1. From the backbone phi of the range 143-157, what are the Karplus-calculated ³J(HN,Hα) couplings (6.51 cos²θ - 1.76 cosθ + 1.60, θ = phi - 60°) in whole Hz, Gly and Pro given as x?
2. So, counting K/R as plus one and D/E as minus one, what does the shell of residues with Cβ under 12 Å around Gln147 add up to?
3. Based on Cα positions only, what radius of gyration and what Dmax would you give for the chain, in angstroms?
4. Could you give each residue of the range 21-35 its phi-based ³J(HN,Hα) in whole Hz, using Karplus coefficients 6.51, -1.76, 1.60 with θ = phi - 60°, and x for Gly or Pro?
5. Sorting His219, His84 on the 10 Å Cβ count, fewest up front, what's the list?
6. By count of other Cβ within 10 Å, fewest leading, how are Phe171, Phe90, Phe129, Phe122 ordered?
7. What Cys residues in the chain have no fellow cysteine's beta-carbon under 4.7 angstrom?
8. Cut-off 10 angstrom, C-alpha nodes, Gaussian network model of the chain. Which of Trp96, Trp209, Trp173 fluctuates the most?
Amino acid sequence: MLKAVLHLVFIFLIGARGYSQYHLLGTARNMDNGCIQLTPDIPYAEGIAYNTTKLDLENYFEIQFDLYLGDKEEGADGITFVIHNDIRGFDAFGQWGECMGYGRFNPYGNGNSIDPSVAIEFDTYQNVFQNDPACDHVAYLENGVSQHQTFWNGGNEAYNIEDNYRHDFRFRWDPPDQRITVYWDGEIVYEGNRDLIGDVFDGNTEVIWGFTASTGRAHNLQYFCLRRLVDVPGLKTNKG
Ligand SMILES: [Ca+2]
Ligand SMILES: [Ca+2]
């Protein structure tokens with residue numbers, strides 16, 4: 001019994017800290033389930049949540065969250081995980097709709113976007129201008145450009161992540177090898193070597209990190225949760 005009570009207190013403390021840990025923009029809100037909503041299930045919404053503690057790229061880190069992308073297979077637009085050093089700091093944002101609160105509509109122009117930055121997008125809506133495939137997909141992005149040449153869909157042309165489940169996301173940065181590794185539902189979906197400090201962040205080692213999301217004409221509820229609060233074995237038991 002005591003153990004159960006202590007466990008509840010622990011969850012409450014972590015949950016309370018989790019709430020105060022994020023700087024929320026747009027439609028981002030704390031949810032009753034301890035998660036953080038990025039967008040409600042309405043058109044033309046944009047929400048961003050930045051953790052108030054910066055990351056130091058000179059150190060190894062691994063970040064693990066559950067992401068929920070909605071329950072309508074034809075919804076939109078998706079979530080990005082972002083690390084950035086934009087001059088606007090904790091108030092940095094990109095465009096709505098296909099840009100997911102991160103990027104800019106025109107990859108060749110200087111429109112508003114989060115820059116300099118690195119992001120992983122979990123894209124649930126096809127936008128031909130951004131070179132999206134017809135299916136949902138994961139892609140690596142840089143410096144506020146939403147357009148991408150490669151993507152991951154698990155080799156499934158009907159891949160769908162708006163399935164009313166929480167998905168396990170993990171991002172790892174390994175400084176000695178300058179290596180980024182991204183896991184999605186336990187599988188490696190992106191691996192790459194990049195001198196983030198030297199080539200992306202102009203020698204700066206401290207970066208802001210968080211999640212961005214938006215909707216357009218199509219929409220879905222989209223949110224994220226600290227993984228250790230969920231801690232349910234078996235991914236498909238995490239129905240959200
Ligand atoms: Ca979909
Ligand atoms: Ca898209």
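Every read-out reported here was derived from the displayed coordinates using simple, explicitly stated rules and does not represent laboratory data. Just so it is clear, the structure is predicted and the values come from calculations on it, not from any experiment. With ideal geometry, Cβ positions are generated from the backbone for all residues, glycine too; neighbour counts draw on all protein chains shown.
1. Each residue's phi maps through the Karplus curve to give 6, x, 9, 7, 5, 9, 8, 10, 7, 10, 9, x, x, 10, 6 Hz.
2. -4
3. According to the Cα coordinates of the chain, Rg and Dmax are 17.1, 60 Å.
4. Those phi angles translate into 6, 10, 9, 9, 10, x, 8, 5, 8, 6, 9, 5, 7, x, 8 Hz.
5. With the sparsest Cβ surroundings first, the list reads His219, His84.
6. Numbers: Phe171 19, Phe90 16, Phe129 11, Phe122 24.
By the 10 Å Cβ count, ascending, the order reads Phe129, Phe90, Phe171, Phe122.
7. Cys99, Cys135
8. In the Gaussian network model the winner is Trp173.
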